[in-house]
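Colleague: Can you keep this structure in mind? I'll have questions shortly.
We did not get these values from a lab; they are worked out from the coordinates using the rules stated. Note that this is a predicted model, so its numbers are computed, not measured. No Cβ is skipped: glycine too gets one built from the backbone with ideal geometry, and neighbour counts run over all protein chains shown.
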Amino acid sequence: MPRGVTDQFLKILENERKHSVRTTIVMTALFVIAYFMAELTDQPLFGRVVLLAIGTLLAGAALGGAWAWRTTTKYNASLRASWNAWMRMSLSATTVNEVARNVQNKGKAWPVASAGWALLLIANAALFVALWMEQPWGIALGAGVTTANGLTLGALAGSSLWNLRWAKQFGSALDELVTEGQVGLWGEL
């Protein structure tokens, strides 16, 4: 028996899981580069800037996880309140966030991520040039860039890990409901 929109929503959850895994892997790889920049700024091994990199990564992961927890809590409440709307909106969406925005009648989100990544790349390039030219203000810039790197990469990794957990649990629960016949082709029975 075809599962209709419920099946489409399960596909969206599967895509969310894949995206979360990819994001976590990429953020881990980028942190290796950020650690290298912190190491260039600081004395060898565990100096203050390197410890700052590790501390901001952990703080960013906690903040990102908390943000994702808050977001998924809102998703859960909205799903309980308007299940059929979520299932209908999943036909024209590719992400859970897009479905949620459509259910709430919000427009597209602002694309601020691209500008943020561009600024972070420029800041890291400026830091590399400052350290290459042995500028005295390079260490101060390095501390700021290291903080931005750690918070950004940590927040994205923490958020992705929480979203991975949520999508996996929700997808499994929904799949069980469909199998048991408690959720039908167009949503609730």
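Colleague: Between Leu121 and Asp7, what is 0.36 nm times their sequence separation minus the Cα-Cα distance? Round to one decimal in nm.
Modeller: 37.1 nm
Colleague: Using only alpha carbon pairs under 8 Å that are at least six residues apart, calculate the relative contact order of the chain and give it in whole percent.
Modeller: 48
Colleague: Estimate the FRET efficiency between Ala59 and Ile33 by the formula 1/(1 + (r/R0)^6), using the beta-carbon distance for r and 30 Å for R0, to the nearest 0.05.
Modeller: For R0 = 30 Å, the calculated efficiency reads 0.95.
Colleague: Note the angle between two axes, namely the Cα long axis of helix 4-41 and the longest principal axis of the Cα atoms of the chain, as a number of degrees from 0 to 90, rounded to the nearest 10.
Modeller: Orientation of helix 4-41: about 10 degrees from the principal axis.
Colleague: Continuing with this model, one more query. So if each residue of separation counts as 0.36 nm, and I subtract the Cα-Cα distance between Gln135 and Lys168, what length gain in nm does that give?
Modeller: Taking Gln135 through Lys168 to full extension adds about 7.0 nm, to one decimal.
Colleague: Can you order the peptides 149-155, 132-138 by their average number of other Cβ atoms within 10 Å per residue, highest first?
Modeller: Final packing ranking: 149-155, 132-138.
Colleague: Give me the compactness ratio for the chain, meaning the Cα radius of gyration over 2.2 N^0.38 Å.
Modeller: 1.29
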